[in-house]
Amino acid sequence: MTAMTEKKIKLNKIEKVKAAKHGLDVKKEIEHFAEIGWEALNDDDLIVRLKWLGIFFRPVTPGKFMLRLRMPNGILNSQQLTTLAQIIQRYGDDGSADITTRQNIQLRGVLLEDIPTIFGQLQEVGLTSIQSGMDNVRNLTGSPVAGIDPHELYDTREVNYKLQAMITNNGEGNYELSNLPRKFNIAVEGGKDNSIHAEINDVAFIPAYKNGELGFNVLIGGYLSAQRCAEAIPMDVWVKADDDEIVELCRAILTVYTTNGLEERLRENRGKARLMWLIDKWTMNRFRIEVEKELGKSLEFAAPEDEITMDKRDHLGVHPQKQEGYNYIGIHIPVGRLDAEGMFEIARLADVYGTGEIRATVEQNFIIPYVADDKVEAFLSEPILERYPLNPSTLVRSLVSCTGARYCNFALVETKARGLKLAQELDEELNIPERVRIHWTGCPNSCGQAQAGDIGLMGTKAKKDGSVVEGVNLFLGGKVGKDAKLGELSQKSIPCDDLKPVLKDILINQFGATVK
Ligand code: SRM
Ligand code: SF4
């Protein structure tokens, strides 16, 4: 450490826990933990370190854990989905799963005593939950129609697999890149519609041509949090459309972020630890130079324009693939919530009609690719589509919601059930001529990306008739896809019970809705 920063650095609480024992160390202890039971664990292992293995203690449902997987580019196969369904099936009504806003799956109701068996099951089908929580890189997101999109510029599947392999040391756990100052999000877009929300990722790759060659412009520092929301800004770097170049650049960025975390005081205050705070301290120019030093070569400057020219698609319904005679079919999973039965059925559909492959989207839905033209009709008559429709009503169709109070102790309100009911009611009462994306998030952490919605609803406390009740802060103006921008706070502390007329008014006056 330099003399300049020899001043006392006060590590935050989580840094102290990590310094005492690295999060990944619990991997060696997991069999023992399973034997002694969760009540015997100390809080640092139970609440903090287990998250390095993707195991989340839920204070709302003590003893019933959440297991967060990693699914690079949102891709899984029917065997994997079947295995996940089998895992939650044994928990009866406690067992469920959610598709997350990062194209990923989380399992619920999991018992610690079962974890060694579950890890064995996951390994058998090529899945892992390693490094999916705390100060790690989250699920790598990419175009959900990679490899099948007629508008595609670059197939992002392989690069996301390689990124995961690099970041997690092929799923074994990577001590070098798992003590970041904070969580970290990486996304690679291969299409023209910014399907990945580049603007809210710490690092995002956006297709861009330079001198006629395809590559990516790099955006840096985007994030949402209770303290601050920042849109990603250009790093002024262009990388060739080459998986290994992207992986090496990410490795260098992560290394610069993690090795300078202490000296640059990112490890003091967790509210000021995301990558953007380092850019603020250094300027982008210095950050770029440090990354170049780490890489051992200079980087090319950004291309003047990127290729994001389309509005963001939702992928629901039947769409022709770039492979003639084949279609991808987007299935709506209301607020991303699944049960075992539904998962078995989706896996069966993928086997019977496709190649067994399934994709998750950041809108918390599934896509089944490679449905041949002559199988579409039969697909459309499958009874499960009554539950998971291809063409749901307008507001339900674009509804996104974080976990909320049902399982998350940060939540100030229940989100998923409430959001769905309200969307259904408003759809019944109004004709809404255009897509309106409502994003619910239970607290200011904004896992449900309230700022990305046309309408964003963020849990808060409100006052009604002299009592404190569940309420929301209302955000408007979020735009995704081309020229994405974050929505802004428009109205504070609306009691949830009074929300319907407020939304009705907005839908009529700002989105052209009419009363039925
Ligand atoms: Fe998140 C923490 C759920 C996407 C910002 N997030 C949490 C925790 C782990 C808190 C906790 O321990 O209970 C939540 C677990 C609840 C549960 O039981 O499910 C949680 N976050 C989620 C998920 C499941 C929401 C969903 O329903 O889809 C998403 C999981 C993604 C994944 O597969 O890894 C999820 N979280 C996000 C996103 C959206 C995104 O990445 O596009 C954000 C905003 C973007 C960002 O990170 O910049 C997000 N989550 C946060 C934050 C605020 C981060 C910060 O810098 O302050 C927290 C709190 C924290 O990290 O301290 C948080
Ligand atoms: Fe939990 Fe808040 Fe994230 Fe919702 S936004 S999942 S309530 S931390």
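At-a-glance table
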item: Student exercise, region 317-392 dipole from Lys, Arg, Asp, Glu Cβ charges, in Debye to nearest 20; result: 220 debye
item: Gyration tensor (alpha-carbon) shape descriptor, region 191-302, a/c threshold 1.5; result: oblate
item: Cα-based reach from residue 240 at 19 Å (exclusive), listing aspartates and glutamates while leaving out same-chain residues under 8 positions away; result: 152, 155, 158, 189, 213, 248, 292, 294, 300, 305, 306, 307
item: Gyration tensor verdict on region 122-277 (Cα atoms; rounded if a/c is under 1.5, prolate if a/b is larger than b/c, oblate otherwise); result: oblate
item: Local electrostatic count at residue 342 - Lys and Arg +1, Asp and Glu -1, tallied over other residues with Cβ under 13 Å; result: -3
item: Distance between region 22-50 and region 88-121 - C-alpha centres, whole angstrom; result: 17 Å
item: Rule-of-thumb Rg ratio for the chain [Cα; 2.2 N^0.38 Å; N residues]; result: 0.95
item: Region 48-103: C-alpha gyration tensor shape, a/c 1.5 cut-off, then a/b vs b/c; result: oblate
item: Ranked 328, 353, 175, criterion: other C-beta atoms within 10 Å, fewest first; result: 175, 353, 328
item: Value of D in µm² per second that Stokes-Einstein yields for region 397-515, Kirkwood Rh from Cα pairs, at 20 °C (1.002 mPa s); result: 152 µm²/s
item: Inter-centroid distance (Cα atoms) of region 391-452 relative to region 277-339, Å; result: 24 Å
item: Extension reserve of the residue 240-residue 489 stretch, reckoned as 0.36 nm per residue once the Cα distance is removed; result: 85.8 nm
item: Environment charge of residue 247, counting only residues whose C-beta is closer than 13 Å and scoring Lys/Arg +1, Asp/Glu -1; result: -3
item: Exposure proxy ranking, count of Cβ atoms within 10 Å, fewest first, for 486, 262; result: 262, 486
item: Label-point gap, in nm, between residue 434 and residue 269 - each point 7 angstrom along Cα→Cβ; result: 4.0 nm
item: In sequence order, calculated HN-Hα J values of region 207-214 (Karplus, 6.51, -1.76, 1.60; Hz; x Gly/Pro); result: x, 7, 8, 10, 6, x, 9, 6
item: Alpha carbon centroid spacing (whole Å) that separates region 187-231 from region 453-480; result: 28 Å
item: Neighbour-count order for 413, 247, fewest beta carbons within 10 angstrom listed first; result: 247, 413
item: Modelled label reach - residue 314, point 7 Å along Cα→Cβ, region 439-456 residues with backbone N closer than 16 Å; result: 439-440, 452-456
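Every number in this text was worked out from the coordinates using simple rules, so none of it is lab data. Please read these numbers as outputs of a predicted model, since none were measured by experiment. Note: ideal-geometry Cβ built from the backbone for every residue, glycine included; neighbour counts use all protein chains shown.
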